[in-house]
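Notes follow once the structure below has been shown.
The values are calculated or read from the model by the stated rules, or taken from the named source; none is laboratory data. Bear in mind that the values here come from a model prediction, so they are computed numbers and not experimental data. Cβ sites come from the backbone with ideal geometry, for glycine too, and all protein chains shown count toward neighbours.
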Amino acid sequence: MSGKPQIQDEYLNEMRTNKRPVEIVLLGGKSLRGVVEGFDAFTIKLRCRRDQVLVFKSAIAVIGPVRAQNTDR
């Protein structure tokens with residue numbers, strides 16, 4: 001075993017293989033939505049509409065699946 005956190009890799013790989021849309025909130029508060037196309041130890045390649053964005057993991061505050069909007073409020 002290499003000693004690196006495997007939970008992160010498992011989570012990102014699940015999002016990538018299932019093509020689940022994710023929302024990434026950066027430390028500065030900006031939010032990105034897209035589909036994970038790939039990742040390594042330091043970056044995540046995100047497909048946002050027609051563009052590809054390379055996000056440094058060190059800039060990420062939160063990452064999670066995009067949930068359907070609740071209209072019952």
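Here is how the numbers come out for the structure above:
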item	result
Only one of 36, 22 that is surrounded by 14 or more Cβ atoms within 10 Å (Cβ to Cβ), among the β-branched types (Val, Ile, Thr), closer than 17 Å to residue 7 by Cα and touching a residue at least 40 places away in the same chain (Cβ under 8 Å)	22
Complete set of residues in the stretch 58-73 that are more than 14 Å from residue 15 (Cβ to Cβ) and at pLDDT 95 or above	58, 59, 61
Selection from the stretch 44-59 of residues that are closer than 22 Å to residue 6 by Cβ and surrounded by 15 or more Cβ atoms within 10 Å (Cβ to Cβ)	44, 45, 46, 55, 57
Residues satisfying the stated conditions in the stretch 21-50, i.e. of a type in the set (A, V, I, L, M), within 21 Å of residue 9 (Cβ to Cβ) and part of a loop (DSSP other than H, G, I, E, B)	41
Selection count where residues are at negative phi, of a type in the set (Gly, Ala, Ser) and out of contact with any strand residue (DSSP E or B) (no Cβ under 6 Å at 6 or more places or on another chain), scope the stretch 14-63	3
